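**Student:** Encoded as structure tokens, here's the structure I'll be asking about.
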Amino acid sequence: MIRAHHNLLEVIHRRHGKASTMIATNRPMADWGAFLGDAAAAGAILDRIMGAAQIINLKGARSHRTRHLKFGSDDQAKEGQMT
């Protein structure tokens, strides 16, 4: 049975040096080995994509999906408001 990390590694390997690839994730790179279930595959993937990577860290507002939830304090409620 082929696991997901093998498929991802294959895609990255085939595109490496030939085409641009965008990866969007909320997982830190340090967690990729545990998340994919194979530290060696995660290392190979990160090795290929980090060579010419442009990392853009975004810090967004509170999730739109949870903005309707009530918060415990006024400060938390203000954080949850979207402007």
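The values are calculated or read from the model by the stated rules, or taken from the named source; none is laboratory data. Predicted model, so just to flag it, every value in this text is computed and none were measured. When we count neighbours, we look across all protein chains shown, and the Cβ atoms used for this are built from the backbone with ideal geometry, even at glycine.
**Student:** Do we find that GLY43 is of a type in the set (Gly, Ala, Ser) and in a helix (DSSP H, G or I) in this structure?
**Tutor:** yes
**Student:** Between a residue in the range 56-83 that is modelled with pLDDT of 55 or more and any residue that is among the hydrophobic types (A, V, I, L, M, F, W, C) and surrounded by fewer than 10 Cβ atoms within 10 Å (Cβ to Cβ), which pairs come within a Cβ distance under 6 Å, given they are 6 or more apart or on different chains?
**Tutor:** ARG67/MET82
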